[in-house]
Amino acid sequence: AWYVPCLASLETLQELCRKENLRCKSIGITKRSLKSYEVEYLCDYKVEEGKEYYLVKWKGWPESSNTWEPEKHLNCPLLLQNFLSDKNEYLSRVSEGKTLKVRNHIKALKPAIADYVVKKAKQRIALQRWKEELNRKKNHKAMILVENTVDLEGPPLDFYYINEYKPAPGINVLNGITTGCECADCPAEKCCPKEAGFILAYNKHKKLTIQPGLPIYECNSYCRCGPDCPNRIVQKGTPYSLCIFRTNNGRGWGVKTLQKIKNNSFVMEYVGEVITSEEAERRGQHYDNQGNTYLFDLDYDSDEFTVDAARYGNVSHFVNHSCDPNLQVFNVFIDNLDLRLPRIALFSTRTIKAGEELTFDYQMKGSIDLTSDSAEGLSPSKKRIRTVCKCGAVCCRGYLN
């Protein structure tokens, strides 16, 4: 047998079942629940003969089944609170800079207000589903939250969460490592970093001790040491709960930490689709025309490959650029020792407070900072449309590329 993934949402399938009077236990439509009603969100408001009514969208039912219900029939205080909050938010926005006359006895909402309230309700549901999907797919314990208090933008439609590199056809990201250290208590004389000719990157507090530009060699799956080895940091994934949020200054989505992050701590890995540099050049022209940039050159040893996080990536896809960043890039080698394909880890450059946005320099390559001046030395084929930087830093260079 073979299966094709269904592109319809759970609610759409539930609506079809109810419309055709069909039962499907796997999506929650049983004989008992076939005619059950649960409020999904509130669409409108009116007052008739002194009674307050709300237009209800029932969960799993089409909008054609919406009904007006008196407030006393509704047992959904949070949805009522969201409805009133969204209504007041709309009124405050349209009245910005104007004197607003508050009417305590509104008989009915204007169509524009009702339309906004419905859009906000649908956005809230979509973002909640996206948050659940992200947390279902991630491979680390820390939580991922999603927040948009700025506009009506919902989840990105063409983004797929992954936890590790996704090689393009014809690219092999595994080097077939078959050996590891024999340390009973890392680091020992012949631990992985020393075998590679470098020093251990972390201290006993799991903080980074090496300078930017130096590689990190962690213990791998063939090493004798266990999961508590102090030389296993990046491979465990981010230890901090993060929030993908909508920025209010035109930079799209951003990422902020929900926990305090100490200096020199691992924060997250940058993952995406591994492509050739030639393909990256082709895609880069397209991204520049859109004003976006998701390409990260793997140029530790050569410039053969690039990571493209435009469609496939993790939380790092949403981390914005800053000319004065609080994250630094490091090249990491664990189960793959191919110098052309390092893993990219982001470490904190200072203490980062809870609620602070996370940023890194898009032109940062280890310890080498490609400034706008150095970009002038590129060949004509490498020159692209310059993207204006909106980081707001005092030392802002003015452009992302």
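The values are calculated or read from the model by the stated rules, or taken from the named source; none is laboratory data. These numbers were taken from a predicted model, which means no experiment stands behind them. A quick note on method: Cβ atoms are made from the backbone with ideal geometry, for glycine too, and the neighbour counts reach across all protein chains shown. The area values use the complete protein model at the heavy-atom level, side chains included, leaving out ligands, DNA and RNA. Shrake-Rupley method; radii C 1.70, N 1.55, O 1.52, S 1.80 Å.
In table form, for the structure just shown:
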read-out: All strands (runs of 3 or more DSSP E) inside the stretch 1-73 with 2 or more residues being in contact (Cβ under 8 Å) with a residue 12 or more places away in the chain and hydrophobic (A, V, I, L, M, F, W, C); value: 39-48, 51-58
read-out: Within the stretch 78-98, considering residues that are more than 12 Å from Lys120 (Cβ to Cβ) and at pLDDT 90 or above, the one least open to solvent (accessible area, probe 1.4 Å); value: Leu80
read-out: Failed item in (1) under 18 Å from Phe266 (Cβ atoms); (2) modelled with pLDDT of 90 or more, with Glu304 passing the rest; value: (1)
read-out: Residue within the stretch 355-374 that is part of a helix (DSSP H, G or I) and modelled with pLDDT under 85 present; value: yes
read-out: Any hit, the stretch 279-298, residues being more than 19 Å from Ile344 (Cα to Cα), in contact with a strand residue (DSSP E or B) (Cβ under 8 Å, 6 or more places away or on another chain) and open to solvent by less than 20 Å² (accessible area, probe 1.4 Å); value: yes
read-out: Tabulated pairs, the stretch 127-147, first of a type in the set (S, T, N, Q), second surrounded by 14 or more Cβ atoms within 10 Å (Cβ to Cβ) and assigned to a strand (DSSP E or B), C-beta under 7 angstrom, 6+ apart or interchain; value: Asn135/Ile144
read-out: Evaluation of Leu400 against (1) hydrophobic (A, V, I, L, M, F, W, C); (2) under 23 Å from Gly213 (Cα atoms); (3) open to solvent by 20 Å² or more (accessible area, probe 1.4 Å); (4) at pLDDT 95 or above (one fails), failing number; value: (4)
read-out: Some residue of the stretch 182-205 being in a strand (DSSP E or B), within 28 Å of the chain's Cα centre (by Cα), crowded, with 20+ Cβ neighbours inside 10 Å and modelled with pLDDT of 90 or more; value: yes
read-out: The lone exception for Gln123 - which of (1) more than 16 Å from the chain's Cα centre (by Cα); (2) of a type outside the set (D, E, K, R); (3) open to solvent by 30 Å² or more (accessible area, probe 1.4 Å) it fails; value: (3)
read-out: Qualifying residue in the stretch 340-351 (condition: among the small types (Gly, Ala, Ser) and in a loop (DSSP other than H, G, I, E, B)); value: no
read-out: Output for the stretch 123-176, where each listed residue is among the hydrophobic types (A, V, I, L, M, F, W, C) and assigned to a loop (DSSP other than H, G, I, E, B); value: Ala142, Met143, Val150, Leu152, Leu157, Phe159, Ile162, Ala168, Ile171, Val173, Leu174
read-out: Those residues of the stretch 24-73 which are under 23 Å from Leu84 (Cα atoms), exposed (fewer than 15 other Cβ atoms within 10 Å of the Cβ) and charged (D, E, K, R), in sequence order; value: Glu38, Glu48, Glu49, Lys51, Glu52, Glu63, Glu71, Lys72
read-out: Selection within the stretch 347-362 - in contact (Cβ under 8 Å) with a residue 60 or more places away in the chain and more than 15 Å from the chain's Cα centre (by Cα); value: Phe347, Ser348, Thr349, Arg350, Thr351, Ile352, Lys353, Ala354, Gly355, Glu356, Tyr362
read-out: Residue satisfying all of: in the stretch 333-343; buried (at least 23 other Cβ atoms within 10 Å of the Cβ) and of a type in the set (A, V, I, L, M, F, W, C); nearest to Val267 (Cα to Cα) among these; value: Phe333
read-out: Candidate set from the stretch 213-248 (those that are open to solvent by less than 30 Å² (accessible area, probe 1.4 Å) and of a type in the set (A, V, I, L, M)); member that is nearest to Ala354 (Cα to Cα); value: Leu242
read-out: Members of the stretch 142-156 that are β-branched (Val, Ile, Thr) and under 13 Å from the mean Cα position of the chain (by Cα); value: Ile144, Val146
